[in-house]
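What follows is a single structure, written as structure tokens, with notes after it.
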Amino acid sequence: MPSRLRRLARARWRGQAAQAPLRVMLQDEARFGLITDVRRCWCPRPARPVCRAHISRRYTYAYAAVSPDGELDTLVLPHVNSECMQLFIDELARRHGAERIVLVMDGAGWHDNTLLRWPDNVRPLLLPRYSPELNPVENLWEELREKHFHNRLADSLEEVEEQLTAALRALELDRARVRSITAWPWILNSLPS
């Protein structure tokens with residue numbers, strides 16, 4: 001992976017992106033829904049905590065891309081498919097229009113290069129198959145679930161989306177926390193100098 005990243009960084013880029021600074025971002029998606037995430041919690045003795053729960057098969061999805069310096073870009077979208085992935089890529093390219101972005105992502109079916117149109121300033125780099133442990137964005141999802149969704153019961157999918165949006169906004173504004181979760185040594189050592 002480090003050698004592939006260095007080759008991509010040195011490769012020729014089209015248009016204005018050819019001279020722009022390079023930013024490496026790791027990307028992933030996660031599902032959030034009406035299913036309650038029941039976890040252990042504290043309460044004084046002899047009381048026992050009661051957590052309401054329900055199961056519903058309705059979901060919304062968070063898309064995120066993070067760079068090792070703690071920069072986080074997110075979108076909440078209704079599906080995980082090529083159309084939503086294209087919306088996320090286009091938004092990422094717009095937000096970082098003055099930079100070249102190498103977008104490191106897993107091999108999900110909706111990441112297929114034949115289905116996506118890559119902007120001039122974004123290039124994909126796929127992680128090896130079946131290796132979620134290589135993607136630090138997975139840890140961001142765990143952080144969100146642990147801090148913002150445990151033992152909470154939402155009455156509607158809109159309420160889940162509001163909670164998710166607020167949680168993602170808090171993470172986007174806390175670059176130090178994002179960096180502490182996602183800036184793994186192997187990633188920092190792989191970055192081209």
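The values are calculated or read from the model by the stated rules, or taken from the named source; none is laboratory data. Everything numeric here is computed off the predicted structure, so don't read it as measured data. All Cβ positions, even for glycine, are placed from backbone atoms using ideal geometry, and neighbour counts span all protein chains on display. Protein only, heavy atoms only, side chains kept; ligands, DNA and RNA dropped before computing areas. Shrake-Rupley method; radii C 1.70, N 1.55, O 1.52, S 1.80 Å.
Taking the conditions (1) within 17 Å of Tyr63 (Cβ to Cβ); (2) outside any strand (DSSP E or B); (3) among the β-branched types (Val, Ile, Thr) in turn, Val104 satisfies each one other than (2). Of the residues in the stretch 112-133, at least one is at pLDDT 85 or above, part of a helix (DSSP H, G or I) and open to solvent by 60 Å² or more (accessible area, probe 1.4 Å).
Would you confirm whether or not the stretch 18-26 contains a residue that is farther than 28 Å from Ile181 by Cα, at pLDDT below 80 and not in a loop (DSSP other than H, G, I, E, B)? Yes, the stretch 18-26 contains a residue that is farther than 28 Å from Ile181 by Cα, at pLDDT below 80 and not in a loop (DSSP other than H, G, I, E, B).
Scanning the stretch 78-95 for residues that are touching a Phe, Trp or Tyr at 6+ places or on another chain (Cβ under 6 Å) and more than 20 Å from Val66 (Cβ to Cβ) yields Asn81, Ser82. Among the residues of the stretch 138-150 satisfying the criterion of being open to solvent by 40 Å² or more (accessible area, probe 1.4 Å) and either touching a strand residue (DSSP E or B) at 6+ places or on another chain (Cβ under 7 Å) or β-branched (Val, Ile, Thr) (or both), which is modelled with the highest pLDDT? Checked the stretch 138-150; the qualifying residue modelled with the highest pLDDT is Glu138.
Kindly indicate whether Glu138 is out of contact with any helix residue (DSSP H, G or I) (no Cβ under 6 Å at 6 or more places or on another chain) and touching a residue at least 12 places away in the same chain (Cβ under 8 Å). No; evaluated as a whole, the condition is false for this residue.
Within the stretch 83-106, the set of residues being surrounded by 17 or more Cβ atoms within 10 Å (Cβ to Cβ) and among the small types (Gly, Ala, Ser) comprises just one member, Ala93.
Residue check: is Val80 modelled with pLDDT of 90 or more, part of a strand (DSSP E or B) and under 15 Å from the mean Cα position of the chain (by Cα)? Here the answer is no, as Val80 does not meet what is asked.
For every residue, the table says whether it meets (1) hydrophobic (A, V, I, L, M, F, W, C); (2) surrounded by 15 or more Cβ atoms within 10 Å (Cβ to Cβ); (3) under 17 Å from Gln27 (Cα atoms).
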{"position": "Pro136", "(1), (2), (3)": "no, yes, yes"}
{"position": "Val160", "(1), (2), (3)": "yes, yes, no"}
{"position": "Leu168", "(1), (2), (3)": "yes, yes, yes"}
{"position": "Arg175", "(1), (2), (3)": "no, yes, yes"}
{"position": "Ala183", "(1), (2), (3)": "yes, yes, yes"}
{"position": "Ile187", "(1), (2), (3)": "yes, yes, yes"}
{"position": "Ser190", "(1), (2), (3)": "no, yes, yes"}
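A search for C-beta distances below 9 Å between a residue of the stretch 172-185 that is in a helix (DSSP H, G or I) and any residue that is open to solvent by 60 Å² or more (accessible area, probe 1.4 Å) and of a type in the set (S, T, N, Q), counting only pairs 6+ apart in sequence or on different chains, returns Ile181/Asn139; Thr182/Asn139.
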